[in-house]
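Comments concern the structure below.
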Amino acid sequence: MLNSKDLYPTRTEEPVGMIPRLDPVIHSDEHGHWSGPLTDEELRGFERDGYLFFDGLFPPEEVEAFREELRRLEADPDLNDWDGMIREPESNEVRSVFGIHRADISDRFNRLARDPRLLDRVRQLLASEVYIHQSRINYKPGFRGTGFNWHSDFETWHAEDGMPRMRAVSCSIILTDNHALNGPLMLIPGSHKHFVSCVGATPEDNYRRSLKVQEFGVPDEDAIRTLARERGIDAATGPAGSLLIFECNTLHASNANMSPDPRSNVFFVYNSVRNRPQQPYGAPGVRPAFLGEREDFTPLER
Ligand code: 6CS
Ligand code: FE
């Protein structure tokens, strides 16, 4: 299968620098924009900042049930030796569990992935039916939860999973209070409007290292400094049950968690069914399905 033209070259030997985004942020199709629960003000905010935060969207009793599921998955012996169970580089603590939207892994998170409070907002932003490209829980335990370097998710999904265009969003549900001291997600508002190309060829099986410490696809510091100086850095802090929707190309990072409080979030990555992955644009081979769905693009139903 021949790839469509690479509009976002990255993982090159020579620097390409920052190039303008060529995709809309709020999408439309041949029928125009899609309606949904997002207000005009929220749509303007997403267009401007590249993310939206909904404080306390899910009530406490639902969040407690999600946390029970989180603990069950963390302790599930069947997942112990699974490639999608990623442990912290220095300790043996669980860092991430991928594929949690799959019914054979978690019925509860399979249902949450199709919850209208997520789906209706996502379809409105992408003007498309959607499927899950990737799902995960990031546990970030107290004292030993390490951070995530600055990156654009799209840069990785384009280079390593072959995602052609910027027509995907992540929904992150906050499962434990995210506050200033336990390593909340930091985002650079407006950064989604630029594609920051990254230097350095992707090694074979890069994911075996990158999910613990990302070294390839990390933008250079000048680009991050420039974008952060334009609009600053925001922290996605809020109570458990809050929802963060962020655009696939919004630069984000998070610090290590030195507090006693875990910073656990569940993430669903929704991709347009019209943006199916092709061959990797900047990697020697495709990644396992738990990182990037390559076969089942059936549109999600409520
Ligand atoms: O490689 C990936 O797909 C994952 N890496 C990061 C740091 N964020 C997105 C995604 O979970
Ligand atoms: Fe990320």
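Where a number appears in this text, it was derived from the coordinates with a stated rule and is not lab data. Everything numeric here is computed off the predicted structure, so don't read it as measured data. Cβ atoms come from the backbone with ideal geometry, glycine included; neighbour counts cover every protein chain shown.
Residue separation times 0.36 nm, minus the C-alpha to C-alpha distance between residue 90 and residue 212: what's the value?
In short, 43.0 nm is gained.
Once the Cα gyration tensor of region 92-184 is diagonalised, what are the square roots of 5 times its eigenvalues, in whole Å and ordered largest first, as equivalent ellipsoid semi-axes?
Equivalent ellipsoid semi-axes, largest first: 24, 18, 14 Å.
What spacing in nm lies between the two simple spin-label points modelled at residue 302 and residue 117, each 7 Å away from Cα in the Cβ direction?
Each label point lies 7 Å from its Cα, and together they span 1.4 nm.
Give me the extension gain from residue 65 to residue 12: residue separation times 0.36 nm, minus the current Cα-Cα distance, reported in nm with one decimal.
That pair, residue 65 and residue 12, stretches by 14.6 nm at full extension.
Considering only 135, 96, 28, give the residue with the highest GNM mean-square fluctuation for the chain, with springs between Cα atoms whenever their separation is below 10 Å.
Top of the fluctuation ranking is 28.
Which of the chymotrypsin sites (Phe, Trp or Tyr not before Pro) found in region 108-183 are loop residues per DSSP with 14 or fewer other Cβ atoms within 10 Å of their Cβ?
Those that pass, being in a loop and sparsely packed, are 143.
In debye to the nearest 20, how big a dipole does region 178-302 give about its Cα centre with +1 on each Lys and Arg Cβ and -1 on each Asp and Glu Cβ?
For region 178-302, the charge dipole is close to 120 debye.
For residue 212, which lysines qualify as cross-link partners when the Cα separation must be under 24 Å and same-chain residues fewer than eight apart are set aside?
140
With unit charges on the beta carbon (Lys/Arg positive, Asp/Glu negative), name the residue among 148, 199, 214 whose Cα is farthest towards the positive pole of the charge dipole of the chain.
Highest projection toward the positive end goes to 199.
In whole Å, how far is the Cα centre of region 173-213 from that of region 99-158?
Cα centroid of region 173-213 versus Cα centroid of region 99-158: 13 Å apart.
Restricting to DSSP H runs of at least four residues, report the calculated mean residue ellipticity at 222 nm for the chain, -39500 (n - 2.57) per run over all residues, nearest 500 deg cm²/dmol.
-6500 deg cm²/dmol
For region 1-58 and region 242-291, compute the distance between their C-alpha centroids and round to whole Å.
Using only Cα atoms to place each centre, the spacing works out to 14 Å.
Rounded, prolate or oblate: which fits region 4-53 when a ≥ b ≥ c are the square roots of the eigenvalues of the alpha-carbon gyration tensor, with rounded for a/c under 1.5 and prolate only if a/b beats b/c?
Verdict is oblate for region 4-53.
Given 25 °C and 0.890 mPa s, how large is the Stokes-Einstein diffusion coefficient of region 46-266 in µm²/s, with Rh as the Kirkwood radius over Cα pairs?
The Stokes-Einstein estimate is 138 µm²/s.
Find the relative contact order for region 154-258 and round it to a whole percent, using C-alpha pairs within less than 8 Å whose residues are 6+ positions apart.
This gives 53 percent for region 154-258.
From the phi of every residue in region 158-174, what ³J(HN,Hα) in whole Hz does the Karplus formula 6.51 cos²θ - 1.76 cosθ + 1.60 yield, where θ is phi - 60° and glycine or proline is x?
Those phi angles translate into 6, 5, 9, 10, x, 5, x, 10, 7, 9, 8, 9, 9, 10, 10, 9, 6 Hz.
More than 11 angstrom separation, counting every C-alpha pair in region 260-302; what % is that?
Counting every Cα pair in region 260-302, those more than 11 Å apart make up 77 percent.
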